[in-house]
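Each remark here refers to the structure printed beneath this line.
Bear in mind that the values in this text are calculations on the coordinates, not laboratory data. Remember, predicted model here, so these are calculated numbers, not experimental data. Note: ideal-geometry Cβ built from the backbone for every residue, glycine included; neighbour counts use all protein chains shown.
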Amino acid sequence: GQPQPPQVPGYEVSAFYDACEMLAGDLFQFTTPVQGSTGFFIADVAGHGLDAALMMAMTLKTLSMHARGRTSPAEVLSLVCHELTNDVPKGKFITALYAILHEESGTLRFARAGHNPAFLAQPARGKVTPLREGGLALGVCSPQLFTSKLKEGTAQLSPGDAVLFYTDGLVEAHSPDGTPFGEGRLCATFMQRSSQRSRLIIEGIVDEL
């Protein structure tokens with residue numbers, strides 16, 4: 001089964017997963033790096049089927065090894081990259097985003113390895129901001145180059161704000177006439193729903209899709 005959203009005091013966390021095939025390469029996981037923090041990891045292994053599912057399992061195992069005790073998302077992703085270098089088949093790659101929330105301050109540190117940017121909605125300001133700081137996908141270059149290109153970003157959450165993490169299956173989904181759902185429509189739907197409870201935000205996005 002899929003990981004259950006954690007109970008984070010002062011926050012709401014909800015999740016939705018719908019694979020297009022029985023064995024897929026999309027994954028998400030929650031971590032507790034140190035007391036008072038929650039980690040959000042989301043990734044997409046290129047391709048589908050058994051190979052992608054095996055890479056997904058290996059990625060989650062590697063994340064669990066390195067996430068404990070570390071509060072820098074970029075450091076964790078770099079360690080995951082080093083660990084997986086010899087296990088990612090040629091021509092394959094993994095996009096990933098790892099964010100760590102300091103619960104008391106509302107500070108969110110994040111690093112993006114070629115993955116779709118998360119979005120920060122601030123309903124009080126009527127604004128949605130993409131969290132774009134990041135770098136290259138895992139498996140497309142040497143661990144040394146991966147680390148040198150990876151940038152870490154910070155966002156500050158205020159009461160009422162919302163953060164959305166997703167994989168490219170959402171924005172690349174097509175309507176019957178071939179029109180992609182797209183990042184713009186996702187932002188608009190997220191903004192429209194962002195002041196609602198987290199479960200209703202997800203349901204609204206899925207309904208729009």
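Mind checking which of G139, A74, T154 is farthest towards the positive end of the range 64-161's charge dipole, using Cβ charges of +1 (Lys, Arg) and -1 (Asp, Glu) about the Cα centre? Value: G139. For the range 29-131, a crude dipole built from +1 on the beta carbon of Lys and Arg and -1 on the beta carbon of Asp and Glu, taken about the Cα centre, is about 220 debye to the nearest 20.
In a fully extended conformation the segment linking Q156 and D18 would gain 46.7 nm over its present Cα-Cα distance, using 0.36 nm per residue. If only the Cβ of Lys and Arg carry +1 and only the Cβ of Asp and Glu carry -1, the dipole of the chain around its Cα centre is close to 560 debye. Identify, among G91, L108, A118, the residue whose Cα sits farthest towards the positive end of the charge dipole of the range 87-139, taking +1 on the Cβ of Lys and Arg and -1 on the Cβ of Asp and Glu, with the dipole about the Cα centre. Of the candidates, G91 comes out farthest on the positive side. With a simple spin-label model that places each label point 7 Å from the Cα along the Cα-to-Cβ direction, the separation between R68 and R185 comes to 4.4 nm. As a calculated quantity, the FRET efficiency between Q144 and T32 at R0 = 22 Å, using C-beta atoms, amounts to about 0.15. The phi-based Karplus calculation (6.51 cos²θ - 1.76 cosθ + 1.60; θ = phi - 60°) puts the 3J(HN,Hα) values of the range 165-182 at 10, 7, 10, 5, x, 6, 7, 8, 4, 10, 6, x, 8, x, 7, x, 4, x Hz, whole numbers, x for Gly and Pro. Of the chymotrypsin sites (Phe, Trp or Tyr not before Pro) found in the range 49-149, no site is in coil according to DSSP while having at most 11 other Cβ atoms within 10 Å of its Cβ.
Counting only DSSP H runs of at least 4 residues, each contributing -39500 (n - 2.57), and dividing by the residue count of the chain, the helix-based mean residue ellipticity at 222 nm comes to -9500 deg cm²/dmol. Could you tell me the center-to-center distance, by alpha carbons, between the range 78-103 and the range 115-142 in angstrom? Rounded to whole Å, the Cα centres lie 16 Å apart.
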